[in-house]
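The values are calculated or read from the model by the stated rules, or taken from the named source; none is laboratory data. No experiment lies behind these values; they were computed from the predicted model shown. All Cβ positions, even for glycine, are placed from backbone atoms using ideal geometry, and neighbour counts span all protein chains on display. For accessibility, only protein heavy atoms count, side chains too; no ligands or nucleic acids. Shrake-Rupley method; radii C 1.70, N 1.55, O 1.52, S 1.80 Å.
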Amino acid sequence: MFNEAEALPALVSRLRPVLEGLDAPYELVAVDDGSTDATGELLAAFRLGWPELRVIGLRRNSGHQAALTAGLDRAAGAYVVSLDADLQDPPEKIPEMLALARAEGLDIVYGIRADRASDTGFKRWTAGLYYRLVRRLAGPSVPAQAGDFRLLSRAAVEALKALPDQQRVYRLLVPWLGFPSGRVTYERAPRTAGRSKYPLGRMIRLAVDSVTGFSAAPLRLATWLGGFAFLVCLGLMVYTLSAHVLDHTVPGWTSLFTGVLFIGAVQLICVGLLGEYVARIYTALQNRPTYFVGHDTAEQAEQTAPRR
């Protein structure tokens with residue numbers, strides 16, 4: 001959660017009865033992704049009367065996927081469910097996910113958005129474009145309309161933790177594991193309070209990370225664009241030589257200008273694509289952690305517990 005103080009009361013009022021109705025021990029790991037509002041204070045207040053609530057506060061805002069990584073790294077359950085705090089994904093589906101995983105021996109259960117009527121037309125259009133793109137690049141194993149609301153078994157969580165990826169996109173990483181999976185459908189609700197933390201810029205960044213992290217297709221596209229530009233240049237050369245032989249050497253400013261613009265644009269696209277991959281290599285070589293934990297209430301409780 002990031003700056004979700006307005007949504008927290010509604011989240012707790014719906015999530016706690018669901019978890020307590022599971023008839024199983026549970027832990028709720030709340031990852032505060034460097035919030036600047038009263039999210040941290042509210043979590044501390046809720047924890048006073050809710051011992052199963054564990055709060056992990058990150059030192060700075062590290063991003064959605066990094067916050068998910070922090071939660072998965074520290075969650076200890078036999079099954080782990082990831083859920084955003086905005087209540088667009090209903091926590092009431094968690095028992096159904098758990099029952100399906102246990103009944104069919106599944107390691108992954110995806111929450112599938114069967115109805116996105118609550119989203120804007122632009123959001124639905126861009127989401128559809130994103131899923132078509134990643135399914136074409138990463139394969140049909142990526143479920144369409146599946147976000148980060150999912151259940152993972154302990155085996156799946158440990159497999160994810162063992163991966164070396166730094167810029168993680170779990171929507172593609174989880175299907176890539178190949179574990180037995182199932183699906184639970186639901187209607188995507190409007191955000192309960194506050195503002196979306198995924199504006200257009202972050203959506204574009206997610207799409208770029210998804211493409212460059214799981215496919216070399218953009219590099220092959222750059223090669224094809226270079227070949228196409230070469231053919232265009234070859235055609236212009238033939239046209240120029242023909243005009244010279246036929247003595248039609250009137251300066252062709254338009255064709256020259258168009259050709260130079262086209263070749264320049266292709267070169268810039270190719271350099272940009274190469275830059276994205278070089279940036280990923282540079283980030284991997286730096287090997288910096290994707291997040292830093294400022295405090296973890298579970299660790300604080302262990303430090304303050306009386307020793308025998």
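Placing a pseudo-label 7 Å from each Cα along the Cα-to-Cβ vector at Arg288 and Phe262 gives an inter-label distance of 4.2 nm. Near the amide H of Ala30, within less than 5 Å, lie the amide hydrogens of Arg54, Val55, Ile56, all on another chain or at least 5 residues away, with H placed in the peptide plane.
Taking Tyr131, Tyr277, Tyr239 and ordering them by how much accessible surface each has at a 1.4 Å probe, largest first, produces Tyr239, Tyr277, Tyr131.
Taking the average, over residues, of other Cβ atoms within 10 Å as the packing measure, peptides 183-193, 62-72 rank 62-72, 183-193 from highest down. From most to least packed by mean Cβ count within 10 Å, the peptides 160-169, 87-96, 16-25 give 87-96, 160-169, 16-25. For segment 142-149, putting each phi into the Karplus relation 6.51 cos²θ - 1.76 cosθ + 1.60 with θ = phi - 60° gives couplings of 6, x, 5, 6, 10, x, 9, 8 Hz, in residue order, rounded to whole numbers and with x for Gly and Pro.
Size descriptors for segment 50-115, from the alpha-carbon set: Rg then Dmax equal 13.6, 40 Å. Summary of packing: across the peptides 39-46, 175-182, the per-residue average of other C-beta atoms within 10 Å ranks them, highest first, as 39-46, 175-182. When the Cα positions of Gln65, Leu106, Val81 are compared along the charge dipole of segment 57-112, Gln65 comes out farthest toward the positive end, with charges on each C-beta of Lys, Arg, Asp and Glu. Residues whose amide H lies under 5 Å from that of Arg183, counting only those 5 or more places away or on a different chain, are Tyr110; hydrogens are built 1.01 Å from N in the peptide plane.
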